[in-house]
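Here is the structure we will look at, set down as structure tokens.
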Amino acid sequence: MHIVIAAAIFSLAFLALVRSPWGALPLAAALCLAAWVGWLHYGIVQPERDDGQRYATLKLIEFNMLYSNRNGAAIADWLEAQNADIVYALESNPIWRHLDALSETYPYCAGCTRDGRSDDLIVLSKFPLQDVSIMSLGKVASNRFIRSRIEVEGSTVTLVAMHLTKPYFDNFQQEELMQARRFLRAAEGPVILGGDFNSSLISPDIRAFIEALGLRSHAHEPRTWPAGAPSIGLPIDHILVRPPAHIDTLTRMKDSLGSNHFGLIAEISIPVGPLAETGGAKAGNP
């Protein structure tokens, strides 16, 4: 979208300078580019929620806290005040010393043991975390993928938190996405996936990953990076769901609390009852 806006501004300036019908060609190209970006975006937006079903609501936070952030106490206080159901904490080193205090609000944790911890990814939860798997996606960093399950009023929900390598590090991100697809291909029913992708959702590799697993996004994703320039930033942190789960609201935290990313706060509906037992197709093979 940044390229689209720049192209439109350049095209209008060019049209004003040349004052010729041919000067409209760059503007037409910019408009075509805008339409293409819009098509890419709305092609992965979640469908409308079926209001004929009964739903339980989960509040989920995704936040890349920045490994070197010294505001761990403030972040821990904010997490307690938010009183969420699930927290995906990336680069979680700032809150490590506050985990005991946070356990009063979030009694269950994946990735919080000292054996093999990377100070990166942990999952905090009010729900018991079942079948927890902590895995590495590639060679760049370890333990950046956590998969678990929770039970919500009889409905099984798969939780996935992951932190991807930057896309310009050779083909490491592509390899990580292929590995993540392998880890998730047997998952059934509603899925809630969140994390720092270091890419927008219309990136070709990210889009292929989303489509292969049947994931969908909220229609309006907040810009999360860089925190120092939010008005011109990029949405590179994401929360995705696989229907019949549905993201009702998706907002950005008001203060980044010293991180270079803003966190995301989502309210997600999980159908309970007959639809929860039969809804949701199995993820596709890579």
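The values are calculated or read from the model by the stated rules, or taken from the named source; none is laboratory data. Keep in mind that what you see is a predicted model, and the values were worked out from it rather than measured. Every residue, glycine among them, receives a Cβ derived from its backbone with ideal geometry; neighbour counts consider all protein chains shown. Calculation scope for accessible area: heavy atoms of the full protein, side chains included, ligands and nucleic acids excluded. Shrake-Rupley method; radii C 1.70, N 1.55, O 1.52, S 1.80 Å.
Taking 7 Å along the Cα-to-C-beta vector as the label spot, tell me the ALA186-LYS126 distance in nanometres, rounded to one decimal.
Spacing of the two 7 Å Cα→Cβ label points: 3.1 nm.
When all protein chains stay in place, what accessible area (Å², nearest 10, 1.4 Å probe) is found for TRP225?
Number for this one is 100 Å².
7 Å from Cα along Cα→Cβ at both LEU234 and TRP36: what's the point-to-point distance in nm?
Rounded to a tenth, the inter-label distance reads 1.8 nm.
How large a share of the accessible area of the chain, in percent, is made up of carbon and sulfur atoms when the probe is 1.4 Å and the other protein chains stay in place?
55 percent
Taking just the alpha-carbon atoms of region 1-58, what radius of gyration and Dmax come out, in angstrom?
Radius of gyration, then largest Cα-Cα span, for region 1-58: 19.1, 60 Å.
List the aspartates and glutamates whose alpha-carbon lies under 17 Å from that of LYS126, not counting same-chain residues fewer than 8 positions away?
Qualifying aspartates and glutamates at Cα under 17 Å: GLU62, ASP77, GLU80, ASP85, ASP100, GLU104, GLU151, GLU153, GLU267.
Compute the semi-axes of the equivalent ellipsoid of region 37-80, taking the square root of 5 times each eigenvalue of the Cα gyration tensor, and list them largest first in whole Å.
Semi-axis lengths for region 37-80 are 34, 21, 5 Å.
Please identify the GluC sites (Glu not before Pro) of region 176-262 that satisfy two criteria: DSSP loop assignment and at most 15 other Cβ atoms within 10 Å. Which are they?
GLU188
Out of (1) 20.8; (2) 19.0; (3) 19.9, which label holds the value of Kirkwood radius over Cα pairs in Å that was computed here?
Working out Kirkwood radius over Cα pairs in Å from the coordinates points to (3).
Hand me the GluC sites (Glu not before Pro) from region 77-117 located in a DSSP loop with no more than 16 other Cβ atoms within 10 Å, in residue order please.
Within region 77-117, the qualifying GluC sites (Glu not before Pro) (loop, at most 16 other Cβ atoms within 10 Å) are GLU104.
Connecting C-alpha atoms closer than 10 Å in a GNM of the chain, tell me which of ARG185, ARG147, ARG242 has the biggest fluctuation.
The residue that fluctuates most here is ARG185.
Per residue, how many Å² of accessible area does region 94-207 show with a 1.4 Å probe?
44 Å²
Hey, what number do you get for the chain at 222 nm if only DSSP H runs of n ≥ 4 count, each worth -39500 (n - 2.57), divided across all residues, to the nearest 500?
That calculation yields -8500 deg cm²/dmol at 222 nm.
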